[in-house]
């Protein structure tokens, strides 16, 4: 069955919430206690939060048949007028059963080809410091580390570090 990459529609919100929470649990659930995981899902991946993000960010969905199996989310780092010359790739996730089939690369290529990203002078993103597979993936697309940022829990404790990556001259 062929997988299609397409923009999100309003009626995709419920399926996106399920996908976003499922892929986050698969990626990080083993590294967090249940309270921290629940807090993160409610704070960043709840229905209301994703609906809010859909108002200003771009979501491209990977759909196979009628099922969402991956997505990429990106948008301006700071909403300014005129727009900043920088875009942030906030999330790129694929269901575990659909990984290692080139879908992440297809999603990244679709994001990098999007007019909003093409118009930016650079793209930035954060990647968990222990996620070496994702770090290698992003390096294949020209992202290099430019810094680090602590990841804070609900209690304000440092739970780890996100590596900050940047890709300049967004022309493929």
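The values are calculated or read from the model by the stated rules, or taken from the named source; none is laboratory data. Not measured: the values here are computed from a predicted model. Backbone-built Cβ (ideal geometry, glycine too); neighbour counts: all protein chains shown.
What number goes with the only condition from (1) assigned to a helix (DSSP H, G or I); (2) crowded, with 20+ Cβ neighbours inside 10 Å that residue 74 does not pass?
The single condition residue 74 does not satisfy is (1).
Which residue, of 150, 79, 83, is farther than 21 Å from residue 20 by Cα, at pLDDT below 95, part of a loop (DSSP other than H, G, I, E, B) and in contact with a strand residue (DSSP E or B) (Cβ under 8 Å, 6 or more places away or on another chain)?
That would be 83, the only listed residue that is farther than 21 Å from residue 20 by Cα, at pLDDT below 95, part of a loop (DSSP other than H, G, I, E, B) and in contact with a strand residue (DSSP E or B) (Cβ under 8 Å, 6 or more places away or on another chain).
Give the residue, chosen from 140, 90, that is modelled with pLDDT of 95 or more and surrounded by fewer than 13 Cβ atoms within 10 Å (Cβ to Cβ).
140
Which one is nearest to residue 1 (Cα to Cα) among residues in the range 99-121 that are free of Cβ contacts under 8 Å to residues at least 60 places away in the same chain, out of contact with any helix residue (DSSP H, G or I) (no Cβ under 9 Å at 6 or more places or on another chain) and assigned to a helix (DSSP H, G or I)?
Step by step, filter the range 99-121, then rank; the result is 113.
Please determine whether any residue of the range 53-63 is surrounded by fewer than 17 Cβ atoms within 10 Å (Cβ to Cβ), in a strand (DSSP E or B) and either without any contact (Cβ under 8 Å) to a residue 12 or more places away in the chain or touching a helix residue (DSSP H, G or I) at 6+ places or on another chain (Cβ under 9 Å) (or both).
No; the residues of the range 53-63 include none that is surrounded by fewer than 17 Cβ atoms within 10 Å (Cβ to Cβ), in a strand (DSSP E or B) and either without any contact (Cβ under 8 Å) to a residue 12 or more places away in the chain or touching a helix residue (DSSP H, G or I) at 6+ places or on another chain (Cβ under 9 Å) (or both).
Can you run down the residue pairs with Cβ atoms below 9 Å, 6 or more apart or on separate chains, where the first is in the range 144-159 and over 17 Å from residue 39 (Cα atoms) and the partner is at pLDDT below 95 and not in a strand (DSSP E or B)?
Partner pairs satisfying both residue conditions: 148/129.
Identify, by number, the condition in (1) under 17 Å from residue 8 (Cα atoms); (2) surrounded by fewer than 16 Cβ atoms within 10 Å (Cβ to Cβ) that residue 96 doesn't meet.
Among (1) under 17 Å from residue 8 (Cα atoms); (2) surrounded by fewer than 16 Cβ atoms within 10 Å (Cβ to Cβ), the lone unmet condition for residue 96 is (1).
Does residue 15 meet the test of being surrounded by fewer than 18 Cβ atoms within 10 Å (Cβ to Cβ), in a helix (DSSP H, G or I) and either out of contact with any strand residue (DSSP E or B) (no Cβ under 7 Å at 6 or more places or on another chain) or modelled with pLDDT of 95 or more (or both)?
So residue 15 passes the test.
Sort out which residues of the range 34-63 are modelled with pLDDT of 95 or more and touching a strand residue (DSSP E or B) at 6+ places or on another chain (Cβ under 8 Å), and write them in order of number.
53, 57, 58, 59, 60, 61, 62, 63
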